[in-house]
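Student: Before anything else, here's the structure in question.
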Amino acid sequence: MRTNYCGELRADHINKTVILYGWVDRRRDHGGVIFIDLRDRTGTVQIVSDPQRTPESYEDANSLRSEYVIKIIGRVCKRPEESLNPKLPTGEVEIYADKIELLNKVNKQLPFLVSTSDTEPVKEELRLKYRYLDLRRDRMSKNLQLRHQVVKAIRSYLEDKEKFIEIETPILTRSTPEGARDYLVPSRVNPGTWYALPQSPQLFKQLLMVSGFDRYYQIARCFRDEDLRADRQPEFTQLDMELSFVSVDDMLEINERLIADVFKTVKNIDIKHPFPRITYAEAMEKYGTDRPDTRFGLELVDVSEIVKDSGFKVFSGAVKSGGIVKVLPIPGGNETIANVAIKPGGDFYKAAVAAGAKGIAYLRVKEDNKIETIGAIKDNLSLEQKQQLIEKTGAKPGHLLLFGAGSIEIVNKSLDRLRQVIGNHLGLIDPDKISLLWVTEFPMFEWNADEKRLEPLHHPFTAPNPEDLDDLKTARALAYDVVYNGVEIGGGSLRIYQREIQEKVFETIGLSMEEAYNKFGFLLEAFEYGTPPHGGIAYGLDRWVMLMAREESIRDVMAFPKTQQASSLLTDAPAEVDEKQLKELFIASTYDPESE
């Protein structure tokens, strides 16, 4: 049996005989003495085979190659002073191999080098196709171990310190399409009917509150058939929580303690709490987004009132048509940002246009607060308007003022994007800084222009602010999102627990009572049997770990992710199935490849 893992060995183990298993990371022949870096999931350690000191293992060591699977029996020795490796946790020791047993060879050429010393980038398609090799690499091994540590810390904290109980909820449930598309599963024993894979355990966890399990959590697998990007996958993992008899303040405080405990346990980082709180309206006003990165400044300023009557039609026209004009003030921008970057074809111009803007207008504040303007804007702002812009934005000599004009959505989206790009360009974002904050008081609903109806900003089970019950269409929700360095990692709300309010919400989003009872009758009925006030939150576990690992994509903290086309390069899923299976399920495919 293995006595130790490779990465565990230290000076305390010197003179002990150990049994190790692992993969050959590298093999080196130095003048007849063979050195092998043996790797397992804990790290690497140096193995030595010397024809004089370990003659029994020498021939076996000489035949080894990268990624061979071997067993080592040997003595832990102190490395010579000249070969100590302070960069390696095991760098003080080496193992003289008394015996090497080859357990398995590599019989094909490796598609890429696995060695921890290899720094060459590998195409993601190759990494995903040969994921079992990719997971041997140091980066991926550390990421998955970090994920494990985060989950372990979550379980320990919630169960031991907050009295939560973990309860599993069904994977095969019914379709309630009020969010992304469902993944559907046909039922063989109930022909013509379908299960849906859960987009979240939302309804079940609310029913658990009705059942009296007042503190529930689950590390839940969820499924959404939606377009993918770096932080989305068709199947993903949530930390799901629900509590009874809590206020918004209770929810935020419990979750702040949880987050702080995870960072301390896993990274030994002290997170100060309570976290800052900002309302949705304030976040959109200052940052143009409901998930602001507050590691740096560059706040937006609404100047619609100043320019609404200006001669510059881009500004005045935007305000008169119901839009806005906002400014992104950049201190020192005159020195750090050239005109070419803002004009058509420039990097910042491209970023704004990609986010929906038609272009960028700008002003430069010179000495004595004189404003330098060009183009159509030059002669169409009065001296008074220019002075008001300086006062409203707090601009000083050297400031660059970038303008967004148009619909509220486009202006916020484009200036948010510009703010991020420029923050990176100017080196304002400290990668070592951790910014956590709550965004609260979201609107209950947003307008779906395609379907000409209101739809829930979060989901239809979110409770409205009691102060806004008279007009649900404009009501604020008792909802909250936690944002980590500009990424929303968790969101939740207090829930509706009274049948009459839930029915009003369904009516507001255009769901008839017949449809409501058909889809959610079991929930409405449960509300008749003494449902306690309750609230919850769900964290995107993959996103949370991605940020802690400083990765750019959640695929790099998942063992077997899908591509952006929702396919597995490793298993070639999804795939066609036998016609016999389809017949058993009473379904047939209507797909015609020639129609594409």
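The values are calculated or read from the model by the stated rules, or taken from the named source; none is laboratory data. Because the structure is a prediction, the values reported are computed rather than measured. Cβ placement follows ideal geometry from the backbone for every residue including glycine, while neighbour counts extend to all protein chains displayed. Please note that ligands, DNA and RNA were not included when accessible areas were found on the heavy atoms of the full protein model with its side chains. Shrake-Rupley method; radii C 1.70, N 1.55, O 1.52, S 1.80 Å.
Student: Of the residues 352, 341, only one is in contact with a helix residue (DSSP H, G or I) (Cβ under 6 Å, 6 or more places away or on another chain), in contact (Cβ under 8 Å) with a residue 24 or more places away in the chain and not β-branched (Val, Ile, Thr); which? Break it down into steps so the answer makes sense when it comes.
Tutor: Values: 341 fails: in contact (Cβ under 8 Å) with a residue 24 or more places away in the chain.
When all the criteria are applied, what remains is 352.
Student: Residue check: is residue 76 touching a residue at least 40 places away in the same chain (Cβ under 8 Å), touching a Ser or Thr at 6+ places or on another chain (Cβ under 6 Å), among the hydrophobic types (A, V, I, L, M, F, W, C) and surrounded by 16 or more Cβ atoms within 10 Å (Cβ to Cβ)?
Tutor: Details: touching a residue at least 40 places away in the same chain (Cβ under 8 Å): yes; touching a Ser or Thr at 6+ places or on another chain (Cβ under 6 Å): no; among the hydrophobic types (A, V, I, L, M, F, W, C): yes; surrounded by 16 or more Cβ atoms within 10 Å (Cβ to Cβ): yes.
No: the conditions fail for residue 76.
Student: Go through region 18-35 and give me each residue that's free of Cβ contacts under 8 Å to residues at least 60 places away in the same chain and either of a type in the set (A, V, I, L, M) or open to solvent by 60 Å² or more (accessible area, probe 1.4 Å) (or both).
Tutor: Step one: of region 18-35, the residues free of Cβ contacts under 8 Å to residues at least 60 places away in the same chain are 19, 22, 24, 27-35.
Across region 18-35, the qualifying residues are 19, 24, 27, 29, 30, 31, 33, 34.
Student: Now for a different question. What are the residues in region 377-397 that are part of a loop (DSSP other than H, G, I, E, B) and more than 11 Å from residue 329 (Cβ to Cβ), if any? Steps first, answer last, please.
Tutor: Of region 377-397, the ones part of a loop (DSSP other than H, G, I, E, B) are 378-382, 394-397.
Answer for region 377-397, where residues must be part of a loop (DSSP other than H, G, I, E, B) and more than 11 Å from residue 329 (Cβ to Cβ): 378, 379, 380, 381, 382, 397.
Student: Sort out for me the strands (runs of 3 or more DSSP E) sitting completely within region 413-529 that have 3 or more residues that are modelled with pLDDT of 95 or more, open to solvent by less than 20 Å² (accessible area, probe 1.4 Å) and closer than 26 Å to residue 540 by Cα.
Tutor: Values: elements: 436-440, 445-448, 453-456, 479-484, 487-494.
By residue number, 436-440, 479-484, 487-494.
Student: Kindly indicate which of 378, 386 is on the phi < 0 side of the Ramachandran plot, in contact with a strand residue (DSSP E or B) (Cβ under 8 Å, 6 or more places away or on another chain) and open to solvent by 30 Å² or more (accessible area, probe 1.4 Å). Break it down into steps so the answer makes sense when it comes.
Tutor: Working: 378 fails: in contact with a strand residue (DSSP E or B) (Cβ under 8 Å, 6 or more places away or on another chain).
The match here is 386.
Student: Examine region 91-114 for a residue that is polar (S, T, N, Q) and open to solvent by less than 50 Å² (accessible area, probe 1.4 Å), and state whether such a residue exists.
Tutor: So far as region 91-114 goes, no, none of its residues is polar (S, T, N, Q) and open to solvent by less than 50 Å² (accessible area, probe 1.4 Å).
Student: In region 223-247, what count of residues is obtained for those that are open to solvent by less than 40 Å² (accessible area, probe 1.4 Å), in a strand (DSSP E or B), closer than 23 Å to residue 184 by Cβ and in contact with an Asp or Glu (Cβ under 7 Å, 6 or more places away or on another chain)?
Tutor: Number of matching residues: 3.
Student: Across region 344-376, what is the total count of residues that are part of a helix (DSSP H, G or I) and modelled with pLDDT of 80 or more? Walk me through it before giving the result.
Tutor: Going through region 344-376, the residues part of a helix (DSSP H, G or I) turn out to be 347-354, 367-369, 375-376.
If we keep only those that are modelled with pLDDT of 80 or more as well, we get 347-354, 367.
Result for region 344-376: 9.
Student: Yes or no: residue 371 out of contact with any Gly (no Cβ under 6 Å at 6 or more places or on another chain), under 16 Å from residue 423 (Cα atoms) and either aliphatic (A, V, I, L, M) or open to solvent by less than 30 Å² (accessible area, probe 1.4 Å) (or both)? Before the answer, list the steps.
Tutor: On the way: out of contact with any Gly (no Cβ under 6 Å at 6 or more places or on another chain): yes; under 16 Å from residue 423 (Cα atoms): no; either aliphatic (A, V, I, L, M) or open to solvent by less than 30 Å² (accessible area, probe 1.4 Å) (or both): yes.
No; evaluated as a whole, the condition is false for this residue.
Student: Name the pairs whose Cβ atoms lie under 6 Å apart, with the first residue in region 110-131 and without any contact (Cβ under 8 Å) to a residue 60 or more places away in the chain, the second open to solvent by 20 Å² or more (accessible area, probe 1.4 Å) and assigned to a loop (DSSP other than H, G, I, E, B), and 6 or more positions between them or separate chains?
Tutor: Matching pairs, first to second residue: 111/130; 112/122; 126/111.
Student: What pairs come out if I take residues in region 425-450 that are without any contact (Cβ under 8 Å) to a residue 24 or more places away in the chain and pair them with residues that are part of a loop (DSSP other than H, G, I, E, B) whose C-beta lies under 9 Å away, six or more apart or interchain?
Tutor: Hits for this filter: 446/457.
Student: I'd like the residue in region 290-318 that is basic (Lys, Arg) and in a loop (DSSP other than H, G, I, E, B) and, out of all such residues, is most open to solvent (accessible area, probe 1.4 Å).
Tutor: Only one residue fits best here, namely 291.
Student: While we're here: Residue 283 passes all but one of (1) aliphatic (A, V, I, L, M); (2) within 29 Å of residue 369 (Cβ to Cβ); (3) touching an Asp or Glu at 6+ places or on another chain (Cβ under 6 Å); which number fails?
Tutor: Only one criterion is unmet by residue 283, namely (2).
Student: On to the next question. State which residue is most open to solvent (accessible area, probe 1.4 Å) when the search covers only region 542-591 and only residues that are part of a loop (DSSP other than H, G, I, E, B) and acidic (Asp, Glu).
Tutor: Applying the first criterion (part of a loop (DSSP other than H, G, I, E, B)) to region 542-591 yields 549-553, 558-567, 569-572, 574-578, 585-591.
Now restrict to residues that are acidic (Asp, Glu): 551-552, 572, 576, 578.
On the way: 551: 27, 552: 157, 572: 105, 576: 181, 578: 105 Å².
Among those that are part of a loop (DSSP other than H, G, I, E, B) and acidic (Asp, Glu), it is 576.
Student: Here's a follow-up. Could you grab the pairs with beta carbons closer than 8 Å, sequence gap of 6+ or different chains, first residue in region 248-269 and surrounded by fewer than 16 Cβ atoms within 10 Å (Cβ to Cβ), second one among the aliphatic types (A, V, I, L, M) and not in a helix (DSSP H, G or I)?
Tutor: Matching pairs, first to second residue: 250/243; 264/271; 269/434.
Student: Kindly indicate the residue of region 123-164 that is assigned to a loop (DSSP other than H, G, I, E, B) and not aliphatic (A, V, I, L, M) and also farthest from residue 241 (Cα to Cα) among those meeting that condition. Talk me through it step by step, then tell me what you get.
Tutor: First pass over region 123-164, keeping only residues assigned to a loop (DSSP other than H, G, I, E, B): 123, 130, 135-137, 162-164.
Imposing the further condition that a residue be not aliphatic (A, V, I, L, M) reduces the set to 123, 130, 136-137, 162-164.
Details: 123: 37, 130: 35, 136: 33, 137: 34, 162: 12, 163: 12, 164: 9 Å.
By that ranking, first place goes to 123.
Student: Among what's in region 377-399 and is modelled with pLDDT of 90 or more and in contact with a Ser or Thr (Cβ under 8 Å, 6 or more places away or on another chain), pick the residue that is nearest to residue 316 (Cα to Cα).
Tutor: Of everything passing the filter in region 377-399, 385 is nearest to residue 316 (Cα to Cα).
Student: Taking region 213-222, which residues are buried (at least 19 other Cβ atoms within 10 Å of the Cβ) and under 16 Å from the mean Cα position of the chain (by Cα)?
Tutor: Correct list: 220, 222.
Student: Let me ask something else about it. Can you pull out the residues in region 324-339 that are open to solvent by 10 Å² or more (accessible area, probe 1.4 Å) and either part of a strand (DSSP E or B) or within 16 Å of residue 359 (Cβ to Cβ) (or both)? Full working, then the answer.
Tutor: To start, the set of residues in region 324-339 that are open to solvent by 10 Å² or more (accessible area, probe 1.4 Å) comprises 324, 329, 331-332, 334-336, 338-339.
Scanning region 324-339 gives 324, 329, 339.
Student: May I ask you to list the residues in region 4-17 that are open to solvent by 40 Å² or more (accessible area, probe 1.4 Å), more than 23 Å from residue 105 (Cα to Cα) and in a loop (DSSP other than H, G, I, E, B)?
Tutor: 10, 14, 15, 16
Student: When only residues in region 228-257 that are more than 26 Å from residue 170 (Cα to Cα) and among the hydrophobic types (A, V, I, L, M, F, W, C) count, which is nearest to the chain's Cα centre (by Cα)? It would help to see each step written out before you state the result.
Tutor: Going through region 228-257, the residues more than 26 Å from residue 170 (Cα to Cα) turn out to be 229-230, 247-250, 252-254, 256-257.
Those still in the list that are among the hydrophobic types (A, V, I, L, M, F, W, C) too: 230, 248, 252, 254.
Working: 230: 8, 248: 24, 252: 20, 254: 21 Å.
Going through the qualifying residues, I end up with 230.
Student: Tell me, please, whether a residue that is farther than 22 Å from residue 253 by Cβ, among the polar types (S, T, N, Q) and touching a helix residue (DSSP H, G or I) at 6+ places or on another chain (Cβ under 8 Å) can be found in region 466-477.
Tutor: Yes, region 466-477 contains a residue that is farther than 22 Å from residue 253 by Cβ, among the polar types (S, T, N, Q) and touching a helix residue (DSSP H, G or I) at 6+ places or on another chain (Cβ under 8 Å).
Student: While we're here: Cβ-Cβ under 7 Å, sequence separation 6+ or interchain: first residue in region 488-510 and more than 15 Å from residue 465 (Cβ to Cβ) and β-branched (Val, Ile, Thr), partner open to solvent by less than 30 Å² (accessible area, probe 1.4 Å) and assigned to a helix (DSSP H, G or I). Which pairs?
Tutor: Listed pairs, sorted by first residue: 489/544.
Student: Determine whether residue 174 is open to solvent by 80 Å² or more (accessible area, probe 1.4 Å), modelled with pLDDT under 95 and under 21 Å from residue 566 (Cβ atoms). Lay out the reasoning, then the answer.
Tutor: Details: open to solvent by 80 Å² or more (accessible area, probe 1.4 Å): yes; modelled with pLDDT under 95: yes; under 21 Å from residue 566 (Cβ atoms): no.
It is false that residue 174 is open to solvent by 80 Å² or more (accessible area, probe 1.4 Å), modelled with pLDDT under 95 and under 21 Å from residue 566 (Cβ atoms).
Student: Only one residue in 128, 64, 88 is touching a strand residue (DSSP E or B) at 6+ places or on another chain (Cβ under 9 Å), of a type outside the set (Lys, Arg), under 20 Å from residue 32 (Cα atoms) and surrounded by 14 or more Cβ atoms within 10 Å (Cβ to Cβ). Which one?
Tutor: Values: 128 fails: under 20 Å from residue 32 (Cα atoms); 88 fails: under 20 Å from residue 32 (Cα atoms).
After ruling out the rest, the residue left standing is 64.
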